[in-house]
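S.K.: Take this structure first; my questions come after.
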Amino acid sequence: MNNLNDAESLKSAGVGRLLVSLLWVVLGIGLVSTLFSLLQVIAQPVYQLVALLDGLVSIVSLIVGVISIIVFLIWLYRLHADLKNFFHEYPISPGGAIARFIIPLYSLWGIANTLSTFADRFKGEGGDLTSLSEKVRSLIAPLYGFMIGSNAVGRIAFTQAAKNPEDKFLPVWFLLSCILDVGLTVILLQLAKTMRTAITQKAKRAIS
């Protein structure tokens with residue numbers, strides 16, 4: 001292995017910790033938003049008392065969400081730089097990993113390819129690394145389910161809001177959207193934690 005003396009010298013170590021912390025914040029905000037949406041559905045008079053606060057939470061959610069996406073992409077790039085240091089023949093470059101996640105349509109294949117390649121590489125490492133690789137693979141299907149569901153319901157909710165803001169069913173769409181967003185955040189958090197643990201354990205094995 002080149003230029004990796006210990007687990008903390010991983011290029012992805014620091015930004016990985018930041019990403020996990022941000023995802024916990026996103027999850028917390030998502031749960032609060034879900035609570036507000038639930039109030040809007042089942043207790044409209046109570047919701048009116050906290051509607052302004054809900055608006056502020058939405059603004060904070062947007063800002064934190066954008067920051068989280070940027071940090072995620074930086075982590076993904078650095079993670080694959082670390083993978084290239086461990087496995088010289090690793091088939092996905094740092095730039096290739098970014099492309100697989102952000103290019104429309106290509107990402108439908110690319111995200112699964114990136115995660116399954118990671119899982120395949122660690123599957124043969126044995127012990128905890130094999131278990132971690134299996135966990136990454138098990139999260140791929142739920143990730144796609146929540147991504148597609150969240151995107152679809154979100155589009156329906158905002159389209160309906162634009163067409164008919166007085167639609168009585170609109171709060172239900174937003175509640176469902178919030179629930180799916182929370183589920184997606186949980187999956188992303190599990191993926192980030194699992195992949196961080198795997199690369200850190202690999203680094204520790206390399207110096208033991």
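S.K.: Would you point out which residue out of Ser138, Ser150 is among the small types (Gly, Ala, Ser) and surrounded by fewer than 18 Cβ atoms within 10 Å (Cβ to Cβ)?
M.R.: When all the criteria are applied, what remains is Ser138.
S.K.: Given (1) loosely packed, with under 13 Cβ neighbours inside 10 Å; (2) in contact with a Lys or Arg (Cβ under 8 Å, 6 or more places away or on another chain); (3) not β-branched (Val, Ile, Thr), where does Pro104 come up short, assuming only one miss?
M.R.: Going through (1) loosely packed, with under 13 Cβ neighbours inside 10 Å; (2) in contact with a Lys or Arg (Cβ under 8 Å, 6 or more places away or on another chain); (3) not β-branched (Val, Ile, Thr) one by one, Pro104 breaks only (2).
S.K.: Return the residue satisfying two criteria in turn: it lies in the stretch 186-202 and is within 19 Å of Phe86 (Cα to Cα) and among the polar types (S, T, N, Q), and of such residues it is surrounded by the most Cβ atoms within 10 Å (Cβ to Cβ).
M.R.: Thr194
S.K.: Restricting to helices (runs of 4 or more DSSP H) lying wholly in the stretch 121-208: which have 1 or more residues that are closer than 18 Å to Gly30 by Cα?
M.R.: Helices (runs of 4 or more DSSP H) meeting the threshold: 140-163, 170-207.
S.K.: Right, next: Within the stretch 65-82, take every residue that is touching a Leu at 6+ places or on another chain (Cβ under 7 Å) and not acidic (Asp, Glu) and give me the one that is farthest from Lys202 (Cα to Cα).
M.R.: Of everything passing the filter in the stretch 65-82, Ile67 is farthest from Lys202 (Cα to Cα).
S.K.: Can you tell me which residues in the stretch 10-26 are within 20 Å of Ile199 (Cα to Cα) and part of a helix (DSSP H, G or I)?
M.R.: Ala13, Gly14, Val15, Gly16, Arg17, Leu18, Leu19, Val20, Ser21, Leu22, Leu23, listed by residue number.
S.K.: Here is a follow-up. When you go through Ile70, Ile74, Ile92, Ile29 one by one, which is the residue that is outside any helix (DSSP H, G or I) and β-branched (Val, Ile, Thr)?
M.R.: Selected residue: Ile92, the only one of Ile70, Ile74, Ile92, Ile29 that is outside any helix (DSSP H, G or I) and β-branched (Val, Ile, Thr).
Readers should treat all values here as calculations from the given coordinates under stated rules, not as data from a laboratory. Predicted model, so just to flag it, every value in this text is computed and none were measured. Glycine gets a Cβ as well: all are built from the backbone with ideal geometry, and neighbour counts include every protein chain shown.
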